[in-house]
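Below is one structure, written out as structure tokens; comments come after it.
The numbers here are math on the coordinates, done by the rules we state, and not lab data. Please read all numbers here as calculations on a predicted model, not as lab measurements. All Cβ positions, even for glycine, are placed from backbone atoms using ideal geometry, and neighbour counts span all protein chains on display.
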Amino acid sequence: MTHDLHPAAWVGRGLNCDLRLLSVKIISVTDLLSTNPFVGVLALDFSKAFDTVRKMALLNVPDPVYNWLVDFFSDHKHCTSFGDSVSAYQPISASIIQGSAIGPVSFVVNASDLSTVTPGNRMHKYADDTYIVIPACNDRTREVELDHVALWAQENNLKLNRAKSTEIVFTDSRRKSQFSPPPALPDVSRVSLIRILGATISNHLSVSDHIVT
């Protein structure tokens with residue numbers, strides 16, 4: 001049995017935040033598939049930390065809130081543990097505190113000025129997940145978008161990790177159109193299954209693999 005994803009059925013039925021945002025992403029893809037033979041999605045991976053305090057300064061928040069945030073993100077240290085050995089503590093000058101309630105919001109603030117550069121392409125961001133949705137009519141802009149993100153990342157004390165980023169090309173299995181997928185991008189793996197906000201989705205917009213696993 002094939003379990004196809006029908007986004008309209010996911011919206012407005014008491015779903016949690018992750019599922020609502022997943023439905024928005026899928027609706028974005030299916031919307032573009034109505035006028036394109038395929039839609040590519042780039043799932044971006046960032047490494048390194050970024051300067052949360054610097055971006056927080058751009059927010060229009062009360063001084064006590066800003067001062068609390070500065071205090072929260074300041075004077076953190078970390079160490080590395082391996083077996084019975086523990087390294088000396090080293091200061092962290094820029095970071096997102098993983099596992100903290102403020103962590104996902106911090107990334108949203110830092111990524112608030114990141115967007116696509118090509119009309120018709122779309123970007124979805126949630127917590128530390130970032131996706132670029134590119135319709136077939138814009139498939140030649142993939143490198144342009146990646147270069148733009150890499151430059152933005154460099155300016156924000158981040159690094160776009162192309163080797164850990166992936167691309168998936170979605171098609172509508174109900175349509176019998178013939179097409180040639182775009183060539184694979186250098187250093188970016190093309191996959192047929194992608195995990196978005198905890199759900200495994202195939203390049204035919206099927207969740208069968210997620211149901212099975």
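Across all C-alpha atoms in the range 102-145, the radius of gyration and Dmax reach 11.9, 38 Å.
When each of the peptides 195-203, 73-81 is scored by how many other beta carbons lie within 10 Å of its residues on average, the order from highest to lowest is 195-203, 73-81. Across the range 102-154, Cα pairs under 8 Å and at least six residues apart give a relative contact order of 31 percent.
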